[in-house]
Every structure is written in C-alpha cells, then in structure tokens.
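What follows draws every value from the coordinates through simple rules; no lab data is involved. Worth saying up front: this structure is predicted, and the values here are computed from it rather than measured. Positions of Cβ are generated from backbone atoms using ideal geometry, with glycine treated the same way; all protein chains shown enter the neighbour counts.
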C-alpha cells in the first residue's frame, strides 16, 4: 500500500473516532426523547426546572 493511501485511511479513522466520541451522548439523548412515552419537550431537557 502506498504511503498516501495509509495516511488517508488514518485520517478517516481519526475523524471517525472524533465523531463517535462527541456524538454518542447526544445520540442517546435523541433516542430517549423520540422513543419514550410520553415524549418530553425540548424545554424540559434544556431546563430541568421548567
């Protein structure tokens, strides 16, 4: 494999790790909001005192 191909693969892997790292918790919150019954409002998620 060429060095440029290896470098491109490593860049894709690094970006994928960052996306998974920063996107996991918001994804879980989204699933919880859309799959629960009754569905909570976005205001209650942002402000627990509302």
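Descriptive notes on the structure:
- Distance between the pseudo-spin-label points of residue 37 and residue 9 (7 Å out from Cα toward the beta carbon): 4.7 nm.
- Computed from Cα atoms, the angle from the helix 3-35 axis to the main principal axis of the chain rounds to 10 degrees.
- Sum of -39500 (n - 2.57) over DSSP H runs of 4+, divided by residues of the chain (222 nm, nearest 500): -26000 deg cm²/dmol
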